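Below is one structure; the comments refer to it alone.
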Amino acid sequence: MTTDQDLPMDSQSATAMFAAKGLDVTPNKDQGVIKIVKCPGLGAEQPMIGDRVTVHYTGKLLTGKTFDCSRDRKEPFCFNVGRGQVLKAWDICVLSMQKGEACTLLCKPDYAYGPPGNPDKIPPNSSVIFEMELVNFEGELLTDDSGIMRRIKVKGDGYTNPNDGASVDVHLEGRCAGRLFDCRDVSFIVGEAEDRGIPLGVDRAMDKMQRGEHCVLYLKPKYAFGSEGSAVYKIGPDEDVVYEVILKDFQRAKESWEMDLKEKLEIFVGVKHKGNQYFKAGRYLQAVIQYQRIVSWFEMECGTGLEQQKKIQECLLTAHLNLALCFLRLKEFSQVVDNCNKVIECDESNEKALYRRGEARLLRNEFNLARADFQQVLLVNPSNRAARAQISICQTKIKEHHEQDKRTYANMFKKFAERDAKEKKEKDTPPLEWRY
């Protein structure tokens with residue numbers, strides 16, 4: 001069946017037809033994007049700014065000619081809505097849709113391909129039509145392990161974000177299983193939210209927010225109150241929580257390039273102390289934030305003269321050694337090895353770096369490499385009993401590994417021999433009809 005949209009139209013008649021049947025979804029109601037709903041969606045929930053959305057679409061000129069279609073490629077298209085990754089019309093339209101909704105939209109040039117058009121496909125200054133289906137949407141993941149998901153209710157202003165060490169003023173509302181447990185206006189230092197009873201997930205979201213932003217954060221236990229829960233908020237262990245956050249204002253901390261060496265050395269002591277406090281309290285992720293700040297300050301610092309260079313190296317070695325210890329507790333063994341390597345590059349006889357790298361390698365079942373590290377520790381300090389004990393453990397593990405290999409290969413060769421014997425027997429046995 002031929003629809004109105006399949007018939008050739010000029011821009012004026014297309015606008016009149018869509019305006020009669022559809023809804024102007026542009027913020028300023030200039031008829032730049034007019035939507036006609038063909039199939040209503042499910043429920044009332046709509047995507048929020050930054051959500052990851054999945055759509056199917058067909059793009060047509062007003063002549064009815066198709067210039068692009070996701071279904072022809074047999075795969076939907078994904079993007080983060082409201083981020084300027086797609087046509088302006090798409091960002092506006094998708095934010096007005098529900099999951100499963102199918103619609104047709106008329107897009108004026110300013111909301112589509114503009115004065116240039118698209119060579120070989122879209123003539124200059126062309127209005128276009130899109131048939132669109134919202135297949136799915138979900139919040140924006142802020143961490144690789146999916147531990148923090150953000151959905152933006154109100155977009156913030158400007159292009160700057162709080163950084164580690166920034167002072168922020170926020171409004172918070174925390175909920176667990178629908179129960180409001182925290183509601184307050186509060187100020188804190190990014191990287192030190194723990195001190196104000198604010199979970200790590202809220203702290204780590206700060207550097208993605210703009211002034212005035214209103215968002216909802218969905219936090220997994222690792223970024224909420226962990227396996228301990230919170231007695232203060234009456235939250236049990238391993239509970240997901242949801243925080244609604246408004247970033248009212250912030251003052252950025254100085255970046256590395258904005259500080260001279262003297263200023264960096266002055267604040268080094270306080271930041272290291274804060275990291276040590278978090279480490280002793282078992283807040284290893286929070287400690288990592290502090291030690292990484294130190295690395296960011298000094299890793300590109302050269303200094304003038306041997307005395308300054310020595311101080312810079314001392315600060316970096318301290319930060320990398322402490323990071324290695326944190327990552328050991330977090331069982332992130334590759335990070336342990338990386339930080340120890342950076343220490344050993346500067347100080348090849350550093351006992352702590354060699355020992356911690358050996359621990360990480362042992363826990364990664366790299367027994368020979370671990371044994372070599374512990375042996376190197378003994379060359380540096382022959383009285384290190386812990387290293388001597390670790391060498392014994394490595395040797396036991398290596399022996400066990402060799403025994404396991406022997407058993408594995410013995411079983412393998414036995415099976416090969418049995419298979420060869422069976423094949424030989426079958427080959428030597430004459431066919432049944434030859435036996436009589």
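The values are calculated or read from the model by the stated rules, or taken from the named source; none is laboratory data. None of these values were measured; they are calculated from a predicted model. All Cβ positions, even for glycine, are placed from backbone atoms using ideal geometry, and neighbour counts span all protein chains on display. Just so you know, the surface numbers come from the protein's heavy atoms only, side chains and all, with ligands and any DNA or RNA stripped out. Shrake-Rupley method; radii C 1.70, N 1.55, O 1.52, S 1.80 Å.
At-a-glance table
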quantity	calculated
Of all residues making up the stretch 23-48, the number that are open to solvent by 30 Å² or more (accessible area, probe 1.4 Å) and at pLDDT 90 or above	13
Members of the stretch 143-163 that are open to solvent by 30 Å² or more (accessible area, probe 1.4 Å), hydrophobic (A, V, I, L, M, F, W, C) and under 17 Å from the mean Cα position of the chain (by Cα)	Met149
The stretch 357-381, residues that are under 34 Å from the mean Cα position of the chain (by Cα) and surrounded by 14 or more Cβ atoms within 10 Å (Cβ to Cβ)	Arg357, Gly358, Glu359, Ala360, Arg361, Leu362, Arg364, Glu366, Phe367, Leu369, Ala370, Asp373
Residue ranges of strands (runs of 3 or more DSSP E) in the stretch 23-108 with at least 1 members closer than 12 Å to Val128 by Cα	33-39, 52-61, 66-69, 102-107
The stretch 382-404, residues that are closer than 20 Å to Cys340 by Cα and either loosely packed, with under 14 Cβ neighbours inside 10 Å or modelled with pLDDT under 95 (or both)	Ala386
Test result for Ala281, of a type outside the set (Phe, Trp, Tyr) and open to solvent by less than 50 Å² (accessible area, probe 1.4 Å)	no
Output for the stretch 82-104, where each listed residue is modelled with pLDDT of 95 or more, open to solvent by less than 20 Å² (accessible area, probe 1.4 Å) and of a type outside the set (D, E, K, R)	Ala89, Trp90, Cys93, Val94, Met97, Cys103, Thr104
Which listed residue, of Asp249, Asp238, Asp260, Asp185, is open to solvent by 50 Å² or more (accessible area, probe 1.4 Å) and touching a helix residue (DSSP H, G or I) at 6+ places or on another chain (Cβ under 7 Å)	Asp238
Of the criteria (1) in contact (Cβ under 8 Å) with a residue 24 or more places away in the chain; (2) open to solvent by 30 Å² or more (accessible area, probe 1.4 Å); (3) in contact with a strand residue (DSSP E or B) (Cβ under 9 Å, 6 or more places away or on another chain), which one Thr63 fails	(3)
Which numbered condition Gly303 misses (of (1) under 30 Å from Arg252 (Cβ atoms); (2) out of contact with any helix residue (DSSP H, G or I) (no Cβ under 7 Å at 6 or more places or on another chain); (3) not in a helix (DSSP H, G or I))	(2)
Restricting the stretch 330-345 to residues that are outside any helix (DSSP H, G or I) and out of contact with any helix residue (DSSP H, G or I) (no Cβ under 7 Å at 6 or more places or on another chain), the residue that is nearest to Tyr291 (Cα to Cα)	Glu332
Options Gly82, Gly64; residue that is more than 24 Å from Met9 (Cβ to Cβ) and of a type in the set (Gly, Ala, Ser)	Gly82
Pairs, first farther than 16 Å from Leu217 by Cβ and in the same structural domain as Val190 (by the TED database) in the stretch 238-261, second assigned to a helix (DSSP H, G or I) and modelled with pLDDT of 95 or more, C-beta under 6 Å, six or more apart	Asp238/Pro221
